[in-house]
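The structure under discussion appears below in the form of structure tokens.
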Amino acid sequence: MIESVRTASLSDKLDGVSQRLARLTDRACVVLLVLLVLDVWLGVFARYVWPLPITFMEEAARYLMIWVALLAVSSCIAKREHIGMQMLFVMLPASARRVLLALVDALGLVFFLLLLFYGIGMVERGARVSTMIYGISKQLPFAAVPVSAALAVVQLALVAWRDQLRLSANRDLVVCP
Amino acid sequence: MIAVGLTFLVLLIVGMPIGYTLGLAGMVGMFTIGGSGRYLTMAPDRFFAGLDLFTFLAMPFFILAGEIMNRSGITDRLIGLADALVGYLRGGMAHSNMLASVMFAGLSGAATADAAAFGNTLVPAMVKKGYTRPFSCAVTAAGSIIGPTIPPSNLMVIYGSLMGVSVAGLFAAGILPGLLICLVCMAVIAALGRRWKLPKGSARPSLRGILIAFKDSLAALVMPAMILGAILGGVATPTEAASIAVFYALMMGVFVYRKVSMLDLYDMLVRTARITGVIFLIIASASIIGWWMTFNQIPQAIASGFLTISDNPAVIIALILALLLAIGMFMDINALLIILAPVLAPLTLTIGMDPVHAGIMIVLALNISLMTPPVGACLFVLASVTGEKIERIAKSLWPFLLAQLGVLLLVAYWPDLTLTIPRLFGLAAQ
């Protein structure tokens, strides 16, 4: 009894940390998305309404879009929103589902860890490359890959641990990868 | 090659998210080249480069514009207009559902958005009027695929960006097939009317009633006209038009309809970011496996595999459609498009298809698979929104499915159906 209460309390704590991290990430995404919208509006304004000598809009928009999308990858993990083919998974017995979920989450961690590890190398290489239009170092746009991969690793670890605890407490629960 | 194929299939079947599956399988492929793993350093470069396209920007903007318009209560106004126009027929609400789907298609680029919006509003209203719930869901599912066929369409943005095909041309080419789907589905409803004892329609509205309904939904009808006019007229790129659509939707939602608060806006921005995150992870990861496939000349091998079966273009088209519909029954269509488009597009060029025509054929085949069990996304959305079982919806769906397959065959084998409008605007070869 005490053990199950501890398990539930720990899984709630993990869920709380995961949701807080997702909310913070969402806020960052919203700020960047607002900047992206304003940037493209400025581009449209400068092209059709009041010709302005601004050239950075297209490049800034592309990199803002990449940052928004990749940061959002980790907050989607918090609610397991990434699409998969779960038709066979849900047909499996509960014990097999739990093992498979752990395996799939572990492989997901491997994917994001590899992206993080090699992504850091890409950012280092980015110091020697400049963007086409604005001429700034490509480190800033490239950093979206390792930063989002690091966030994804943390989120996936939290979510995987949380769900394993939940499944140990309630065998009938169905959690898809 | 076997290692990559096995990794991909096994991970996909056990339920791993498609974004991770594609990335991991691609990394296994990179590792196997030369055996030293030195190509793995390229994985994040490909991941980043897969997203570094300006045309992709249209997608989050269209998602955001659709979200704002939907939150503004525009769905109810469009349904009101459709009901005023065709609600008096037998099976009137089913006809209204279909017509409203066409109008909603100009605001939203995704079928699931249409299915969710109408599943929440029209399905309960239809059930209240005496339609069965499975039939109401089936009509909504059939109508929802008009959304990504009539522009704006996220699938067309993805296809055009990845394959270097004019997004404006694809948008123009989707108009007639989208309208045709609506017409054939309305014909199916009319044909089933007496046999399935569909309820009689409401009283025929007066001209004044129609004009009032038209005035109520005018703001929503202006948006697609504005988007299409700007793109097809060559005035704005799809991305610019999409950003103008966001501006317009925001002005309507905040100042005209006064239904969108700052808190709503925050929620909509979060939803837009998350939907974009899910799709872009798949695109970025597909770029890793795409590099491996190009390195090993897999698309060419698959194309020549097809051509060994037959070199008759009609047979090749039939094979492509069969492949898309069969795999589409089990896989998310965004992922499927991203994986298969680079393989199938060169094949369509080999048999002499126009790139815009081929793009619409592929997009429409995938759209139809949105409503085929077991993994039809629109069926899932409707089942979760209405509480109806997928099997029961599927039983009522087959007449619509057959009709839409007929439209797909027309699109595939009659290029003029898709290319007439793009040609008018100089967006496809004469």
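Structural remarks
- Search result, residues across the stretch A:80-93 that are more than 7 Å from chain B (Cβ to nearest Cβ) and either loosely packed, with under 13 Cβ neighbours inside 10 Å or touching a strand residue (DSSP E or B) at 6+ places or on another chain (Cβ under 7 Å) (or both): A:V90, A:M91, A:P93
- Matching option when the condition is assigned to a loop (DSSP other than H, G, I, E, B), under 15 Å from the mean Cα position of the chain (by Cα) and modelled with pLDDT of 90 or more, among B:I181, B:I150, B:I175, B:I158: B:I150
- Any chance B:I298 is away from every other protein chain (no Cβ under 14 Å) and modelled with pLDDT of 90 or more: no
- Only one of A:A61, A:A46 that is facing another protein chain (nearest Cβ under 7 Å) and either among the acidic types (D, E) or assigned to a helix (DSSP H, G or I) (or both): A:A61
- In the stretch A:63-76, the count of residues that are surrounded by 14 or more Cβ atoms within 10 Å (Cβ to Cβ), among the aromatic types (F, W, Y) and either at pLDDT below 90 or farther than 15 Å from B:A284 by Cβ (or both) is zero.
- Across the stretch B:219-235, a minimum of one residue is classified as touching a Phe, Trp or Tyr at 6+ places or on another chain (Cβ under 7 Å), within 14 Å of another protein chain (Cβ to nearest Cβ) and surrounded by fewer than 20 Cβ atoms within 10 Å (Cβ to Cβ).
- Evaluated against (1) farther than 21 Å from B:P177 by Cβ; (2) out of contact with any Ser or Thr (no Cβ under 8 Å at 6 or more places or on another chain); (3) assigned to a helix (DSSP H, G or I), B:A365 falls short on exactly one condition, (1).
- So B:V356, is it closer than 28 Å to B:T294 by Cβ and surrounded by 15 or more Cβ atoms within 10 Å (Cβ to Cβ): yes
- Residues satisfying the stated conditions in the stretch A:111-128, i.e. among the hydrophobic types (A, V, I, L, M, F, W, C) and more than 7 Å from every other protein chain (Cβ to nearest Cβ): A:F112, A:L113, A:L116, A:F117, A:I120, A:V123, A:A127
- Identity of the residue in the stretch B:192-211, in a helix (DSSP H, G or I) and without any contact (Cβ under 8 Å) to a residue 40 or more places away in the chain, that ends up nearest to B:S136 (Cα to Cα): B:R195
- Whichever residue in the stretch B:400-418 is outside any loop (DSSP other than H, G, I, E, B) and more than 19 Å from the chain's Cα centre (by Cα) and, among such residues, is farthest from B:L319 (Cα to Cα): B:D416
- Condition broken by B:T132, with the remaining ones in (1) over 24 Å from B:E67 (Cα atoms); (2) crowded, with 24+ Cβ neighbours inside 10 Å; (3) among the polar types (S, T, N, Q) satisfied: (2)
- Members of the stretch A:71-81 found to be touching a residue at least 12 places away in the same chain (Cβ under 8 Å) and over 15 Å from B:L269 (Cα atoms), listed by number: A:S74, A:I77, A:A78, A:K79, A:R80
- Residue list for the stretch B:274-295, filter: more than 7 Å from chain A (Cβ to nearest Cβ), of a type in the set (A, V, I, L, M) and out of contact with any Phe, Trp or Tyr (no Cβ under 8 Å at 6 or more places or on another chain): B:I275, B:I279, B:I282, B:A286, B:M293
- Annotation note: Cβ proximity below 7 Å between a residue of the stretch B:230-250 that is outside any helix (DSSP H, G or I) and a residue that is surrounded by fewer than 22 Cβ atoms within 10 Å (Cβ to Cβ) and of a type in the set (G, A, S) (sequence gap 6+ or interchain) occurs for B:A236/B:A230.
- Residue in the stretch B:307-316 that is touching a Lys or Arg at 6+ places or on another chain (Cβ under 6 Å), modelled with pLDDT of 90 or more and not charged (D, E, K, R) present: no
- Selection status of B:L22, facing chain A (nearest Cβ under 7 Å), touching a residue at least 40 places away in the same chain (Cβ under 8 Å) and either of a type outside the set (V, I, T) or over 21 Å from A:F142 (Cβ atoms) (or both): no
- Sole exception among (1) exposed (fewer than 15 other Cβ atoms within 10 Å of the Cβ); (2) modelled with pLDDT under 95 for A:T7, by number: (1)
- Only one of the listed residues (B:A335, B:A341) is within 21 Å of B:S166 (Cβ to Cβ), of a type outside the set (V, I, T) and in a helix (DSSP H, G or I). That residue is B:A341.
- Residue pairs meeting the criteria (Cβ under 7 Å; at least 6 apart or on separate chains; first within 18 Å of B:G50 (Cβ to Cβ), in the stretch A:130-148; second among the polar types (S, T, N, Q)): A:K138/A:S130; A:K138/A:T131; A:S148/A:S74
- Unmet criterion (only one of (1) surrounded by fewer than 15 Cβ atoms within 10 Å (Cβ to Cβ); (2) at the interface with chain B (Cβ under 8 Å from one of its Cβ atoms); (3) closer than 16 Å to A:V154 by Cβ) for A:L103: (3)
- Output for the stretch B:11-45, where each listed residue is in contact with a helix residue (DSSP H, G or I) (Cβ under 7 Å, 6 or more places away or on another chain) and of a type in the set (S, T, Y): B:Y20, B:T21, B:T32, B:Y39, B:T41
- Residue within the stretch A:28-42 that is in contact (Cβ under 8 Å) with a residue 24 or more places away in the chain, within 30 Å of B:F61 (Cβ to Cβ) and in contact with a Gly (Cβ under 9 Å, 6 or more places away or on another chain) present: yes
- Applying the set (1) surrounded by fewer than 20 Cβ atoms within 10 Å (Cβ to Cβ); (2) in contact (Cβ under 8 Å) with a residue 24 or more places away in the chain; (3) at the interface with chain B (Cβ under 10 Å from one of its Cβ atoms) to A:R97 leaves exactly one unmet item: (1).
- In the stretch B:12-69, the residues that are of a type in the set (D, E, K, R), buried (at least 20 other Cβ atoms within 10 Å of the Cβ) and more than 24 Å from B:A111 (Cα to Cα): B:D45, B:R46
- Top-ranked residue in the stretch B:251-273 [being buried (at least 20 other Cβ atoms within 10 Å of the Cβ) and in a helix (DSSP H, G or I); ranked as farthest from the other protein chains (Cβ to nearest Cβ)]: B:M252
The values are calculated or read from the model by the stated rules, or taken from the named source; none is laboratory data. Remember, it's a predicted structure, so these values are computed and weren't measured experimentally. In this analysis, Cβ positions are derived from the backbone assuming ideal geometry, glycine residues included, and neighbour counts consider all displayed protein chains.
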